[in-house]
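> Please read through the structure below; I'll follow up with questions.
The values are calculated or read from the model by the stated rules, or taken from the named source; none is laboratory data. Computed from a prediction, not measured in an experiment: that's the story for all the values here. Here the Cβ positions follow ideal geometry from the backbone for every residue, glycine too, while neighbour counts run over all protein chains shown.
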Amino acid sequence: MPAVKAANPREVFAAEDWRAITTLSRWRGISLVLHGWMVVALATFGGAAAWAYDWRTGLLVTPFVLAILGGRQLGLSILMHDGAHGLLHPDRKTNNWLGQWPTGAATGSDLHAYRAYHLTHHKFTQQAEDPDLALSAPFPTSRDSLRRKFIRDLTGQTFYKQRRAQFAVALRGAQFMLRREGSNGKADTHAGRALNMQNRTGLNAPVANVEGAKTTARTVGRFLLVQIILLAISLLVWGWTPFLLWLTALATTFQLFLRIRNIAEHACTPTGSGDPFTHARTTQAGVIARMTVAPYWVNYHSEHHLFMGVPCYNLAATHRLLGTGGFYPRMTVSPNYRDVLAQVVR
């Protein structure tokens with residue numbers, strides 16, 4: 001199918017407004033990455049302090065800590081996504097390092113593999129060639145089905161399934177590297193089957209060849225290295241508790257928030273009309289949503305699809321300019337995430 005129609009910014013914005021929202025800052029991306037890790041540190045060590053004070057206090061505080069951590073882990077993934085678009089920093093090398101190490105590696109993603117995968121999603125949004133179509137195609141679904149998905153996320157089942165597939169391919173990739181085996185153009189069907197699942201943050205980009213398996217091995221290697229560094233910091237400063245809180249959030253709340261965010265972006269939208277303003281949904285987000293399912297302005301997804309050269313920190317301004325220009329009636333805008341979830345169940 002042909003690529004989806006793109007919006008023409010010259011028909012939407014004044015030249016000075018367009019220049020303002022697309023100008024990349026040399027410090028905002030770095031500051032957002034630092035912010036994400038500062039919140040992680042405060043949450044993990046605050047949770048550890050609660051457990052050290054009293055086990056009852058620890059039990060009471062832990063759900064809130066896991067919610068905050070899951071939200072920042074999603075936030076790091078969102079910043080990696082901005083890096084995939086070249087929007088974290090105007091210098092390409094700095095941008096790619098920020099997107100590969102302190103953001104992508106923390107949650108097990110590879111910036112470069114994700115970039116190729118994700119740009120295909122933008123090119124063929126909600127069409128047969130869209131690699132993200134499996135995220136929105138099942139909706140609307142039954143309330144029971146959605147509840148089962150949420151339970152699998154919060155009990156670690158989703159995390160285990162995804163990591164098992166990723167690590168299986170990484171093991172094959174490591175074997176290829178040890179044998180110095182290069183790509184011969186033939187598909188590695190075992191790796192392909194293991195990774196033929198829907199990617200949601202870049203951690204399981206579909207791989208069906210030797211070089212792809214090697215990429216997955218490197219991705220897992222970076223992920224494990226970051227976890228070892230976090231564990232070392234945890235043990236040096238406080239003991240096991242901060243790291244266990246981080247890891248538990250990665251296996252539970254991160255997965256849940258990731259799913260809700262994915263549902264909100266495209267499920268049950270009228271994409272396919274040929275109007276680029278219908279390709280995604282924007283969801284209004286309050287304080288709690290911004291701390292959990294919508295960090296770093298990711299809720300402005302319609303704006304991102306319309307103008308993917310706008311960095312995340314300028315999406316809210318883009319939204320306001322679209323409102324001033326009278327474009328809201330053409331867009332899919334939901335008042336909150338509860339409203340979105342009500343729309344996607346039948």
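> Filter segment 85-97 down to residues that are within 15 Å of the chain's Cα centre (by Cα) and surrounded by fewer than 24 Cβ atoms within 10 Å (Cβ to Cβ), then give me how many there are.
Here the count works out to 1.
> I've got another one for you. For residues in segment 291-310 being free of Cβ contacts under 8 Å to residues at least 60 places away in the same chain and more than 15 Å from residue 86 (Cα to Cα), which is surrounded by the fewest Cβ atoms within 10 Å (Cβ to Cβ)?
Top of the filtered list is 301.
> If the requirement is being at pLDDT below 95 and either on the phi > 0 side of the Ramachandran plot or of a type in the set (D, E, K, R) (or both), which of these qualifies: 239, 212, 274? Lay out the reasoning, then the answer.
Values: 239 fails: at pLDDT below 95; 212 fails: either on the phi > 0 side of the Ramachandran plot or of a type in the set (D, E, K, R) (or both).
Criteria check complete, one pass: 274.
> Could you check, for segment 54-68, whether at least one of its residues is in contact (Cβ under 8 Å) with a residue 24 or more places away in the chain, of a type in the set (Asp, Glu) and surrounded by fewer than 18 Cβ atoms within 10 Å (Cβ to Cβ)?
Kept after step one, since they are in contact (Cβ under 8 Å) with a residue 24 or more places away in the chain, are these residues of segment 54-68: 62, 65-68.
Imposing the further condition that a residue be of a type in the set (Asp, Glu) reduces the set to none.
No - not one qualifying residue is present in segment 54-68.
> Show the residue pairs meeting these rules: Cβ distance below 6 Å; 6+ apart or different chains; first residue within segment 244-270 and within 22 Å of residue 283 (Cβ to Cβ); second residue among the charged types (D, E, K, R) and part of a helix (DSSP H, G or I).
As it stands, the answer is 255/153; 256/153; 259/153, since those pairs meet every condition given.
> Now for a different question. Tally time: how many residues in segment 323-337 are closer than 18 Å to residue 286 by Cβ, without any contact (Cβ under 8 Å) to a residue 60 or more places away in the chain and surrounded by 13 or more Cβ atoms within 10 Å (Cβ to Cβ)?
2
> Could you tell me which numbered condition residue 313 fails, if it satisfies all but one of (1) more than 30 Å from residue 44 (Cβ to Cβ); (2) part of a helix (DSSP H, G or I); (3) touching a residue at least 24 places away in the same chain (Cβ under 8 Å); (4) of a type outside the set (A, V, I, L, M, F, W, C)?
Going through (1) more than 30 Å from residue 44 (Cβ to Cβ); (2) part of a helix (DSSP H, G or I); (3) touching a residue at least 24 places away in the same chain (Cβ under 8 Å); (4) of a type outside the set (A, V, I, L, M, F, W, C) one by one, residue 313 breaks only (1).
> Out of (1) under 24 Å from residue 133 (Cβ atoms); (2) polar (S, T, N, Q); (3) under 20 Å from the mean Cα position of the chain (by Cα), what's the single condition that is false for residue 284?
Of (1) under 24 Å from residue 133 (Cβ atoms); (2) polar (S, T, N, Q); (3) under 20 Å from the mean Cα position of the chain (by Cα), only one is false for residue 284: (1).
> Give just the number: which of (1) in a loop (DSSP other than H, G, I, E, B); (2) surrounded by 17 or more Cβ atoms within 10 Å (Cβ to Cβ) does residue 319 not satisfy?
In the conditions (1) in a loop (DSSP other than H, G, I, E, B); (2) surrounded by 17 or more Cβ atoms within 10 Å (Cβ to Cβ), residue 319 misses (1) alone.
> Another question, if that's okay. Of everything in segment 114-160, what is hydroxyl-bearing (Ser, Thr, Tyr) and not in a helix (DSSP H, G or I)? Give them in sequence order.
Here is the first cut: in segment 114-160, the residues hydroxyl-bearing (Ser, Thr, Tyr) are 114, 117, 120, 125, 136, 141-142, 145, 155, 158, 160.
Within segment 114-160, 125, 141, 142, 155 qualify.
> In contact with a helix residue (DSSP H, G or I) (Cβ under 6 Å, 6 or more places away or on another chain) and without any contact (Cβ under 8 Å) to a residue 60 or more places away in the chain: is that true of residue 39 in this structure?
Values: in contact with a helix residue (DSSP H, G or I) (Cβ under 6 Å, 6 or more places away or on another chain): yes; without any contact (Cβ under 8 Å) to a residue 60 or more places away in the chain: yes.
The answer is yes for residue 39.
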